[in-house]
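Before any comments, here is the structure.
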Amino acid sequence: MQSVDTVIEARWVVPVRPRQCVLEHCAVAIDAGRIIDVLPIGAARARYRPTQRYALEHHALLPGLINAHAHSAMSLFRGVADDLPLSRWLAERIWPLERAIVCADFVFDGTRLAAVEMLRAGITCCNDMYFYPEQAAQALRSVGLRAVVGILALDFPSRYAADADDYLRQGLAARDALMTDSLVHFTLAPHSPYAASDATLARVATLAEELDLPVHMHVHETAHEVEQSMQQHGCRPLQRLEGLGLVSERLVAVHATQLLDAEIQLLAQRGASVVHCPASNLKLASGIAPVNKLLNAGVGVAIGTDGAASNNRLDVLGEARLAALLAKGTAPDASALPDWQGLESATFLGAKALGLEARIGSIEVGKEADLTAVDLSAVETQPCYDPISQVLHSAGRENVTHVWVAGQAALVERAIAASIGGSLADEVLRAAAPWHNQVRQWLREPTIYAAK
Ligand SMILES: [Zn+2]
């Protein structure tokens, strides 16, 4: 008998690699944070003596869900700007609110609120883009999640930074400060082509190569963005990025609702990834990414929630289902984005977009044990002929029961693990309350508040 930290026995294991595979009555053995074996339950009991054993008799065990695009701290802005198109959403509500209220403490408290929501939705890894990335990373880690945070590079000032140099300097300092935590990863995050000058984007391209980092940005989110680029630069944003050397396997292009066939080919040739955020795109009426065409061309499509101010849920499982339905409806082809591919987008392809596919994204020996269990025993998820179909189309985030990140239990029977803080949900709600009051005050008197 070999001593190991953890054995998780599950009715079904859906490893995502190989594709479309479902293992029945299997166990995953974990030691020192890594998956060391995947084998039938009987064999696992004969071979391993775990410190902790979980028997998940009615559950599907999946790779942890990956939220490939979020502005986590904006959970404190949930519902403040409904029913507006992106341009007005940004100009009339979000940017003025951010100038008035967002600070380091706001980001920490807002990101923790989001992190608890994400944890309970089975998300193990969040790719975040927001001001104060150091506080965002600390908040995600304090809830047990794997954090990917963006080193910003923008050409407009905020309370966080004065100019592109300042954003980069502070982001790189955050990276230095957090480098020792192996569950914190970084991207370069120039926000969008319209928020950064050619000189800033060229610097980002150079830094991405030097530091071996992905480049996380909104690209072709709306038709307006493309038109504006035609007027200001005489070319479409992707063309501009291509000219600056940014269309590569490092590019994590978020939204991409406006793509020509030639642009889909370009993304495929360069090995770039797209992050599909279907609820945010629908809610802001930005458009619908051509996911079916992208996948058929060989572009990796990951799933993101975007921020809670434009979604308003941080629910990757829900997004994956919506992505599948939209792909089928817009193709129109019922075979578009099949169940297994929806799950692949929410896991492995998210890891690939972030350059983490050797470490996470599937249940394979040697990978870090980022895992999510979904209970399929409820009335709403029975009978179960195909657990992948059930997870994607019948289950919801409320059916997520367990989450492990690098082998550490973070959610157990829907309760936050004691090692992280059993009363954390109450704690984050208490911390959110004063910010809620500030936002409400701003909504009543935005000009007075902004002048302070
Ligand atoms: Zn976004």
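Quick look at the numbers
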read-out	value
Cα-centred dipole magnitude for the chain, charges only on beta-carbon of K, R (+1) and D, E (-1), debye, nearest 20	420 debye
Under 11 Å, Cβ to Cβ, from residue 53 - net charge with Lys/Arg +1 and Asp/Glu -1	0
Cα lying deepest toward the dipole's positive end in the chain, options 417, 147, 316, charges on Cβ	417
Neighbourhood charge, 11 Å Cβ-Cβ cut-off, centred on residue 312 and excluding it, Lys, Arg +1 and Asp, Glu -1	-1
Accessible solvent surface per residue of region 1-100, calculated while the other protein chains remain in place, 1.4 angstrom probe, Å²	42 Å²
Separation between Cα centres of region 311-332 and region 17-74, rounded to whole Å	25 Å
Principal axis dimensions, the chain - Cα atoms, whole angstrom, descending	66, 48, 43
q = 0.16, 0.26, 0.29 Å⁻¹, region 119-171: log10 I(q)/I(0) [Debye, one scatterer per Cα]	-0.49, -0.91, -1.05
Calculated P(r) of region 303-452 - Cα pairs past 18 Å, %	70 percent
Debye log10 I(q)/I(0) for region 1-42, one point scatterer per Cα, at q = 0.22, 0.27, 0.29 Å⁻¹	-0.71, -0.95, -1.03
Among 376, 355, 389 the positive-end extreme of the charge dipole of region 342-412 (Cβ point charges)	355
In degrees, nearest ten, helix 316-330 long axis to first principal axis of the chain (Cα)	70 degrees
Sequence of 389, 192 from largest to smallest accessible area, 1.4 Å probe	389, 192
P(r) histogram, all alpha-carbon pairs of region 192-309 included - 10 Å bins from 0, percent	14, 48, 34, 4
Solvent exposure of region 316-396 as accessible area per residue, Å², 1.4 Å probe	35 Å²
Convex hull per residue volume in Å³, alpha carbons only, for region 127-262	113 Å³
Convex hull of Cα atoms in region 1-79, direction-averaged projection (nm²)	7.6 nm²
Nearest 10 degrees, 0 to 90: helix 164-178 Cα axis against the chain principal axis	20 degrees
Cα long-axis angle, helix 104-120 against the chain (0 to 90 degrees, to the nearest 10)	40 degrees
Apportionment of accessible area to carbon and sulfur, the chain, percent (1.4 Å)	50 percent
Residue 59 long-range amide H proximity, modeled H, under 5 Å	11, 12, 376
Residue-by-residue Karplus 3J(HN,Hα) for region 221-228, coefficients 6.51, -1.76, 1.60, Hz, glycine and proline x	6, 9, 5, 4, 4, 5, 4, 4
Cα-based equivalent ellipsoid, region 46-100: semi-axes from gyration tensor eigenvalues, Å	45, 13, 10
Electrostatic dipole magnitude of region 1-93 [Cβ: Lys, Arg +1; Asp, Glu -1; Cα centre; debye, to 20]	200 debye
Karplus (6.51, -1.76, 1.60) ³J(HN,Hα), θ = phi - 60°, over region 35-40, in Hz, Gly and Pro reported as x	6, 10, 6, 10, 7, x
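The values are calculated or read from the model by the stated rules, or taken from the named source; none is laboratory data. Every value quoted in this text rests on a predicted model; they were computed, and no experiment measured them. Cβ: placed from backbone, ideal geometry, glycine included. Neighbour counts: every protein chain shown. What goes into the accessible areas is simple: the full protein's heavy atoms, side chains included, and nothing from ligands, DNA or RNA. Shrake-Rupley method; radii C 1.70, N 1.55, O 1.52, S 1.80 Å.
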